[in-house]
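Engineer: One structure, as structure tokens, below. Some questions next.
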Amino acid sequence: MEKKGLYSIAAIGPDMLISGFLQPVPDLTPVIPSVDETSAIDPTICPYESSIIFFYKTWDPYGAFSNFSPHPIQMLDENGDYFTWLSVEHYYQAHKFVGVNDAVAINCVEDIKSSKSPEEASRIGRKMQRQRPDLVTPDWESIKTDVMYRALKCKFSIYPHLNSMLLSTTGCVLVEASPHDLFWGGGRDGEGLNYLGRLLMQLRSEFLGDSQTQNGISVTHQQREDEVKRP
Ligand SMILES: Nc1nc(O)c(N)c(N[C@@H]2O[C@H](COP(=O)(O)O)[C@@H](O)[C@H]2O)n1
């Protein structure tokens, strides 16, 4: 019989092997995706052997994975024209208000477009979202991961060294070590959902799939990538 207060691996599942801690409330979502989730996101990961790469600030060893890294991306706008955004963060923050038919929202998008740093873009976007939630595009919560996915796909497609860095982490779990952001980051104690890490792992898996041999010829994703414009 199991003693009260002790958790067996059978009761908790193999998560404890990759998270390294016992979660007293079994249904809390941990920062590290479960074994099933992990394989669904990236089948190359063996949860039992994987190590975790944390990133957050741009000056960290894997800081280029941060949305604040200074890597401009070129994305199609709603008129079918390319616009260069100074960082993924610029694109993400602006899209909270893109398409909203209100002069304040339109100005806010312009301010974010012309802001000189990701920090400034983030300040403008967050402040407006806090002060005028009515100006945020109504379906924002349901589209924000798609918006982020598109921006990240562009970033990791057009910069070969970033693509190599991402592929070099194959087999590792990626976690944005943001102590405050419980959606994109892992939170202070692993209570965050880590959606940025999840999207990066998803992209890594897609890039790995892309570079597999096709018709006997190995083609890298850069050669086949025709959805994005290079800088
Ligand atoms: N490097 C860095 N510094 C911060 O202060 C951050 N919060 C983050 N995380 C990124 O912030 C964005 C979330 O913004 P909202 O809260 O939705 O306005 C997102 O890009 C996170 O990855 N990174």
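The values are calculated or read from the model by the stated rules, or taken from the named source; none is laboratory data. As the structure is a prediction and not an experimental result, all values here were calculated from the model. Here the Cβ positions follow ideal geometry from the backbone for every residue, glycine too, while neighbour counts run over all protein chains shown. These area figures cover heavy atoms from the full protein model, side chains too; ligands, DNA and RNA do not enter into them. Shrake-Rupley method; radii C 1.70, N 1.55, O 1.52, S 1.80 Å.
Engineer: Conditions: (1) outside any loop (DSSP other than H, G, I, E, B); (2) open to solvent by less than 20 Å² (accessible area, probe 1.4 Å). G192 meets all but one. Number of the miss?
Structural biologist: (1)
Engineer: Can you name every residue in region 72-93 that is within 16 Å of the ligand (Cβ to nearest atom) and open to solvent by 30 Å² or more (accessible area, probe 1.4 Å)?
Structural biologist: The answer is P72, L86.
Engineer: Let me ask something else. Could you run through region 196-231 and say how many residues are surrounded by fewer than 20 Cβ atoms within 10 Å (Cβ to Cβ) and at pLDDT 85 or above?
Structural biologist: Residues that pass the stated criteria total 5.
Engineer: Looking at region 138-157, can you tell me whether even one residue there is in contact (Cβ under 8 Å) with a residue 24 or more places away in the chain and more than 16 Å from the ligand (Cβ to nearest atom)?
Structural biologist: Yes, some residue in region 138-157 is in contact (Cβ under 8 Å) with a residue 24 or more places away in the chain and more than 16 Å from the ligand (Cβ to nearest atom).
Engineer: Then there's this: Among the numbered criteria (1) over 30 Å from V100 (Cα atoms); (2) open to solvent by 10 Å² or more (accessible area, probe 1.4 Å); (3) at pLDDT 95 or above, which one does T137 miss?
Structural biologist: For T137, the failing item is (1).
Engineer: Within region 123-134, restricting attention to residues that are under 20 Å from the mean Cα position of the chain (by Cα) and open to solvent by 80 Å² or more (accessible area, probe 1.4 Å), which residue is farthest from the ligand (Cβ to nearest atom)?
Structural biologist: R123
Engineer: If you don't mind, there's one more thing I want to ask. Looking only at region 27-50, decide whether some residue is under 18 Å from K153 (Cβ atoms), at pLDDT 70 or above and buried (at least 17 other Cβ atoms within 10 Å of the Cβ).
Structural biologist: Within region 27-50, one or more residues are under 18 Å from K153 (Cβ atoms), at pLDDT 70 or above and buried (at least 17 other Cβ atoms within 10 Å of the Cβ).
Engineer: Starting from region 94-122, keep only residues that are exposed (fewer than 13 other Cβ atoms within 10 Å of the Cβ), then list their pairs with residues that are of a type outside the set (G, A, S) and assigned to a helix (DSSP H, G or I) whose Cβ atoms are within a distance under 6 Å, requiring at least 6 positions of separation or different chains.
Structural biologist: D102/L135
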